[in-house]
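Comments concern the structure below.
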Amino acid sequence: MKKLFTLCLLASSYVLAQEITLKDTSSSLDITIYNNNLGFVKQNKSFKIPQKGYHNLSYEGVPHSIVIDSVIPTFSQNTTTLYSQNFEQNDVNYKSILEYYKKNNLNVNYYEPTLNTTKKKIARGKIISKVQNIMTLQNNKGKIQSIAISDIYFDSLPLALQRTKPSLSWRVFSNSGKQDVALKYLMNNISWNANYTLDLNKPNANLKGWITINNNTGIAFENANIYCLAGQVNKVTPVSNPRVMKKMMVRAEAMMDAAPIAVKEQSMSGYHLYTIPFKETITKGSKQINFIQKPEVHYEQIASINTSMPTYQLSREKKLSFDHVVQIKNTKANGLGLALPKGIVRVFSKDDEGKTHFIGENRIKHTANKEDIKIKIGKFFDIKASVKQIKFKSTNTTFDRYLLSKIETKVSNQDKVVRTIHIDQTHSGYGKYELHSSCSGLCQEEKLSATRTRYVLNLKPKEEYVFTTTYELD
């Protein structure tokens, strides 16, 4: 009998569990944002249990894109037992309220039709059915009437529908007193990317980097420590195994905990972590944060082209068009020396009057420290070049294979400044071959690979240079 009484008491406590709202704890919000539309949140919440027993803990205002399988609450009191977890969000509108009243067989208020059009009679009844904008109701006397939806009103919003914000709730058994919960979860619909501006001053450039955070989670994050991870973190969709999800969470948490607030950038586990060195609010929509400012970056402007040695007979002279490439050696000695996340670099330059103009943009990949940066921003207007074949001979039989191709390359700088020109020439590497060129003086030859050679020219204004290349395959 005593055991039965105890079970009844526990059941009664479960049914009458008190709803408790979790409160924010200051300086407790950390967010790691990834490139692939993923975020990881760590925050602390506090609550007070008035008496020992079963309780519902409610946390309103979580992201609507929360990955519910990833939520990990850790309570400060070891005696607190978590029984269940729910994610709730009510889409409250007139239709959903009507459906709720109908489903739960509840009374609604309505204006009963009368002959007096200036004064309406108020009645109560239950919804039987709905056809478009007409509701069929049965009043307390059993009378059935058809009422327009606009003639129905409600005393108040039902308690079950009052939670209009996305919310987490936990059913717990806990001792009385104040305690905290450390909450961790993944969320979708948040990402970041890097964008750069490069002002080409002489002799050095001014590089600025901006982190742009796109927050489409449905909520803002106030006064947060922000960490941005550069790299592609594997993301499994859908998550069918909670153990796999938990491993992902542990890995993500380690990423965040490894970053002291004073560190702006560090290499970590094959990624690069950027820590914003101040607390910031991530509003809904987009937000930009300045994270790189390097005012003395040495750079080169190069006219570059990739060509191939013709192994066939050319019928006419070929004109060449050169890419405009801004090249930066990514070293401390060169004014940089940073791991740069992928993003768009927009390049600006001043005219003779000192006015700034946009001259092109392009994307860079994730770039490691000491890895050169090459930004192709357009085509050079005043670098002219042409190629013509001055000798060709070819035989290809069962017992004999021979090829001789000799070309003449003419390059001129029509600009008013000295220009560095790169001509990267590719040739076939099959069989026994010889490659010769007349590149000398103003021209330097660099072997890039077994089948690729670069010819580097530094031409003064209005200067022209001609060289030949011979490819012989036997």
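The values are calculated or read from the model by the stated rules, or taken from the named source; none is laboratory data. All of these numbers come straight from a predicted model, not from anything done at the bench. With ideal geometry, Cβ positions are generated from the backbone for all residues, glycine too; neighbour counts draw on all protein chains shown. Accessible surface is based on the protein model in full, side chains and every heavy atom, while ligands, DNA and RNA are left aside. Shrake-Rupley method; radii C 1.70, N 1.55, O 1.52, S 1.80 Å.
Quick notes
- Mean residue ellipticity, 222 nm, helices only, the chain: the sum of -39500 (n - 2.57) across DSSP H runs of n ≥ 4, divided by residue count and rounded to 500, is -2500 deg cm²/dmol.
- With 25 Å as the limit on Cα-Cα distance, the pairs of Lys42/Lys95; Lys103/Lys141; Lys342/Lys370; Lys318/Lys379 that go past it are Lys42/Lys95.
- The simple spin-label model puts a point 7 Å past each Cα toward its Cβ; for Asp400 and Lys374 those points are separated by 4.1 nm.
- Check: region 339-474 dipole with +1 on Lys, Arg Cβ and -1 on Asp, Glu Cβ, in debye: 360
- Region 367-447: Rg to Rh, with Rh as the Kirkwood radius over Cα pairs: 1.07
- Share of pairwise Cα separations in the chain, more than 44 Å, in percent: 47
- Lys/Arg +1, Asp/Glu -1 at C-beta; the chain dipole; positive extreme among Asn36, Leu336, Ser174: Ser174
- Ellipsoid semi-axes in whole angstrom, largest first, where each is sqrt(5λ) of the Cα gyration tensor of region 282-325: 45, 17, 8
- Computed FRET value (nearest 0.05) for Thr420 with Lys165, which takes r as the C-beta separation and R₀ as 60 Å: 0.50
- Surface analysis of the chain yields an accessible area of 56 Å² per residue, using protein heavy atoms and a 1.4 Å probe.
- Given charges at Cβ of Lys, Arg, Asp, Glu: the chain dipole, positive-most of Gly431, Phe381, Phe291: Phe291
- Element breakdown for region 315-363 at a 1.4 angstrom probe: carbon and sulfur atoms account for 48% of the accessible area.
- Residue-count net charge about Ser438 - beta-carbon cut-off 15 Å; Lys, Arg +1, Asp, Glu -1: -1
- Kyte-Doolittle at least -0.5, axis length at least 18 Å by Cα - qualifying DSSP helices, the chain: 2-15, 242-257
- Solution diffusion estimate, µm²/s, Stokes-Einstein, region 261-389, Kirkwood Rh from C-alpha pairs, 20 °C, viscosity 1.002 mPa s: 118
- Relative contact order computed over the chain (Cα-Cα under 8 Å; 6+ residues apart), in percent: 14
- Region 301-357: Rg to Rh, with Rh as the Kirkwood radius over Cα pairs: 1.15
- Calculated FRET value between Asn175 and His64, using beta carbons and R₀ = 45 Å, to 0.05: 0.85
- Förster-model FRET efficiency, 30 Å R0, Glu296 and Lys462, C-beta, rounded to 0.05: 0.40
- Ordering His422, Asn133, Asn195 by the projection of their Cα atoms onto the charge dipole of the chain, which places +1 on the Cβ of Lys and Arg and -1 on the Cβ of Asp and Glu, puts Asn133 at the extreme positive end.
- Computed magnitude of the charge dipole of the chain (debye, nearest 20; Cβ of K, R +1, Cβ of D, E -1): 1500
- Region 413-474: relative contact order as a whole-number percent, Cα under 8 Å and 6+ apart: 49
- In percent, rounded to a whole number, the relative contact order of region 259-406 is 21, using alpha-carbon pairs under 8 Å and six or more apart.
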